[in-house]
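The values are calculated or read from the model by the stated rules, or taken from the named source; none is laboratory data. In this text, all values refer to a predicted model and were calculated from it rather than measured experimentally. Cβ atoms come from the backbone with ideal geometry, glycine included; neighbour counts cover every protein chain shown.
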Amino acid sequence: MSTTPTIAPHRVPTRRRVPTWRVPLALVALSLIPVIAGSVRLTDLSTGSTYMPRDAHHPDMPVALIVHIVTATVYSLLGAFQFSEGVRLRHPRWHRAAGRVLVPMGLAVALSALWLTLVYPTEANTGPVLFWSRLLVALAMVACLVLGLRAVLARRFRTHRAWMVRAYALGLGAGTQVVTIGIAEATLGTSTAVIDTATAAGWAVNLAVAELIVRRPSRRRSRRSS
């Protein structure tokens, strides 16, 4: 009596879901210190308190500074959730609606930064390195947002994502500058040249990370090729 061998059913390995909240949570955490500092500055302006030091760059009613703080807070916190793959895939309408808010917020952040740099008096103990860094970063952020908007209107979504990642990285510079300035002060001192260079380094670090993200092969393409 012969027996027919049974073939075990092929089991498709279940894909392990990768949590998509880690990146937004990390970006929110990076934004917290500048967001809190901006909130304290707004409290000073509205109540007349002096929790934050005052100088010529921060007069009593600086319209550009208020616009910059409010829009940067919205841009950094809301923008963090645009980097969640789960949110983008499961809630595309929310992603698009948030994008319609974030583009004008980002432009307001960059244009108010230009306003502060070119019109308001320069802070004490700052030099040309910081001035030109702020000017170039603000112009670059405007360019990234405009190019990203043009790309999405042309339905070039990968290009859109690349420019928006760069724009967000530049907008989040204040969070990284807390780290770069702290390291510079601990190792090199507190001279104007050191602090200005460390501040510029915060934007440079963010932009370098953004380029790594943009140029990294996506998981979807890797899965298809495999």
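Filtering the stretch 146-183 to residues that are under 16 Å from the mean Cα position of the chain (by Cα) and charged (D, E, K, R) leaves ARG161, ARG166.
Taking the criterion of being touching an Asp or Glu at 6+ places or on another chain (Cβ under 7 Å) and among the charged types (D, E, K, R), would at least one residue in the stretch 117-129 satisfy it? The answer is yes; a qualifying residue exists. Cβ separations smaller than 9 Å between residues 6+ apart or across chains give the following pairs from the stretch 197-226 residues that are modelled with pLDDT of 95 or more to residues that are surrounded by 11 or more Cβ atoms within 10 Å (Cβ to Cβ) and of a type in the set (Asp, Glu): ALA198/GLU185.
For the stretch 62-69, the criterion of being closer than 16 Å to TRP203 by Cβ and either in contact (Cβ under 8 Å) with a residue 24 or more places away in the chain or not small (Gly, Ala, Ser) (or both) is satisfied by at least one residue.
Taking each residue of the stretch 82-99 that is more than 15 Å from VAL152 (Cβ to Cβ) and looking for partners that are part of a helix (DSSP H, G or I) and hydroxyl-bearing (Ser, Thr, Tyr) with beta-carbon atoms closer than 8 Å, six or more apart or interchain, yields PHE83/TYR168.
Conditions tested, residue by residue: (1) in contact (Cβ under 8 Å) with a residue 24 or more places away in the chain; (2) among the basic types (Lys, Arg).
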{"site": "GLY127", "(1), (2)": "yes, no"}
{"site": "ARG134", "(1), (2)": "no, yes"}
{"site": "LEU139", "(1), (2)": "yes, no"}
{"site": "LEU153", "(1), (2)": "no, no"}
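The sole residue among ALA193, ALA204, ALA200 that is farther than 16 Å from GLY127 by Cα and either of a type in the set (Asp, Glu) or assigned to a helix (DSSP H, G or I) (or both) is ALA204.
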